[in-house]
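Encoded as structure tokens, the structure appears first; notes follow it.
The values are calculated or read from the model by the stated rules, or taken from the named source; none is laboratory data. All of these numbers come straight from a predicted model, not from anything done at the bench. Here Cβ is always computed from backbone atoms with ideal geometry, including for glycine, and neighbour counts include all displayed protein chains. Heads up: the accessible areas ignore ligands, DNA and RNA and are worked out on the full protein's heavy atoms, side chains in. Shrake-Rupley method; radii C 1.70, N 1.55, O 1.52, S 1.80 Å.
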Amino acid sequence: MIEIGTQVDLLHPADRVWRAVTDPALLVRWFAGAEAVPGRPGRWRVGTAGLPGFDGDVEIGVVRRQAPELLVVRCVEGARHTEVTCAVTATGEGCRVSVRETVEHGDWSAGQGARREECYRQSLAGRLPALLDWLAFREVDLRRDSAAPTAVLPVALMADVARPSARGRTGWMVVGAGTAALALGLAGWALLPPEREEPTGAAPVAPPVRPTATPSPSRSAASARPTSAPPSRSAPPSRSPSATPSRTPTPTPAVAGPLDARYATVSTRVFGYTGEVVVDNPGGTPATGWTVVVTLPRGSSAAEVTGADWRQDGQSVTFTGPAVAAGGTRAIRFDVRTADPVTKAPQGCTLDERPCAGL
């Protein structure tokens with residue numbers, strides 16, 4: 001039996017995720033379009049042609065449906081028959097979505113299963129969270145026709161940014177209409193410009209003193225005291241020729257200097273952002289064994305990491321990777337998903353226990 005699968009943790013309730021998975025109008029926004037097959041009730045055609053790992057469109061039929069927890073469909077793609085299981089499990093911070101596809105008849109070509117699995121992973125970890133963030137803001141009730149316009153947001157969306165005194169007894173928070181309008185403006189997914197630190201140039205070095213005035217006194221002083229100068233001044237000429245050859249053959253420093261790191265938020269969205277850490281090696285030898293640790297706000301999770309190996313333990317995300325070449329850099333980019341629509345940067349960043357620039 002051939003099987004592929006992936007899973008992702010989301011900061012959204014299970015019913016919202018279920019809606020995004022089963023509503024054809026929403027499915028097309030994060031995965032592929034779906035339409036009913038004429039003359040075949042209960043059959044749908046999903047436009048997967050062109051997606052990595054797919055040979056063409058897939059015709060599906062529901063085998064089992066248990067909202068909002070389980071959806072099992074049988075897929076027909078040419079001569080290949082597979083079964084896809086999508087499970088949604090509630091967690092303390094949202095829900096976990098797992099997708100598993102099993103081949104029942106036929107086979108995948110070499111590498112096709114891996115590409116298909118990666119397509120599922122990118123859709124679940126990248127595009128689906130963006131759609132869910134958009135849905136969360138569409139669920140805000142503006143009450144535009146009431147005498148006192150207000151916006152009522154679930155505490156689950158604003159718990160990390162609400163002040164304790166602003167929470168109502170019913171577990172909801174009421175904010176002014178101006179704040180709601182601003183929140184909905186953010187829901188348009190306009191990416192904010194990167195908040196990169198502009199490199200500051202090194203301070204200009206004072207020009208060296210011109211050797212026009214100083215040589216003449218030194219020469220006159222040497223000529224004025226011929227008796228004491230010869231024994232003391234004859235030694236430097238013998239030392240300078242021997243010192244010069246010893247330094248020139250070793251342009252590379254014997255010990256690699258420390259690495260530098262800088263953090264920047266390269267893009268933002270309503271419930272998350274994309275961060276980047278650039279590791280610089282100003283030394284003359286490759287640097288190995290480096291470790292970058294990014295501390296995220298509570299309840300945040302990292303995903304879609306490029307440029308390094310990584311693991312998350314609570315709020316700490318640890319990045320490691322190959323050697324950084326002498327005079328070279330390594331860029332680590334990662335997505336962060338959070339329930340806080342305000343914070344767009346980590347709480348901390350260190351490289352080998354030294355703070356990163358930019359935070």
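Points to keep in mind about this one:
- Test for Pro129: is it in a loop (DSSP other than H, G, I, E, B) and at negative phi: no
- From the options Ala287, Ala357, Ala302, residue that is of a type in the set (A, V, I, L, M, F, W, C) and open to solvent by 20 Å² or more (accessible area, probe 1.4 Å): Ala357
- In segment 109-124, the residues that are surrounded by 17 or more Cβ atoms within 10 Å (Cβ to Cβ) form Cβ pairs under 7 Å with partners that are part of a helix (DSSP H, G or I) and modelled with pLDDT of 90 or more, at six or more places apart or across chains, as follows: Ser123/Trp30.
- Residue in segment 13-27 that is among the β-branched types (Val, Ile, Thr) and open to solvent by 30 Å² or more (accessible area, probe 1.4 Å) present: yes
- Meets criteria (surrounded by 14 or more Cβ atoms within 10 Å (Cβ to Cβ), over 24 Å from Gly299 (Cβ atoms) and not charged (D, E, K, R)) for Val62: no
- Filtering segment 97-105 for residues that are outside any strand (DSSP E or B), touching a Lys or Arg at 6+ places or on another chain (Cβ under 8 Å) and either buried (at least 16 other Cβ atoms within 10 Å of the Cβ) or at pLDDT 95 or above (or both) leaves an empty set.
- Remark: Ala339 falls outside the filter, which requires a residue to be touching a Pro at 6+ places or on another chain (Cβ under 8 Å), touching a residue at least 12 places away in the same chain (Cβ under 8 Å) and open to solvent by 20 Å² or more (accessible area, probe 1.4 Å).
- Within segment 1-18, being assigned to a strand (DSSP E or B) and touching a Ser or Thr at 6+ places or on another chain (Cβ under 7 Å) holds for Glu3, Gly5, Gln7, Asp9.
- The residues in segment 19-40 that are part of a helix (DSSP H, G or I), under 16 Å from Tyr120 (Cα atoms) and in contact with an Asp or Glu (Cβ under 9 Å, 6 or more places away or on another chain) can be counted, and the count is 0.
- Near pairs, Cβ below 7 angstrom, 6+ apart or cross-chain, from segment 1-24 (closer than 14 Å to Ala87 by Cα) to any residue that is of a type in the set (Ser, Thr, Tyr) and open to solvent by less than 20 Å² (accessible area, probe 1.4 Å): none
- Residue check, Ala32 touching a Ser or Thr at 6+ places or on another chain (Cβ under 8 Å) and without any contact (Cβ under 8 Å) to a residue 24 or more places away in the chain: yes
- Which listed residue, of Gly50, Gly92, Gly78, is surrounded by fewer than 15 Cβ atoms within 10 Å (Cβ to Cβ), free of Cβ contacts under 8 Å to residues at least 40 places away in the same chain, among the small types (Gly, Ala, Ser) and under 21 Å from Arg127 (Cα atoms): Gly50
- Within segment 239-292, the set of residues being among the aliphatic types (A, V, I, L, M), at pLDDT 90 or above and assigned to a loop (DSSP other than H, G, I, E, B) comprises Leu259 only.
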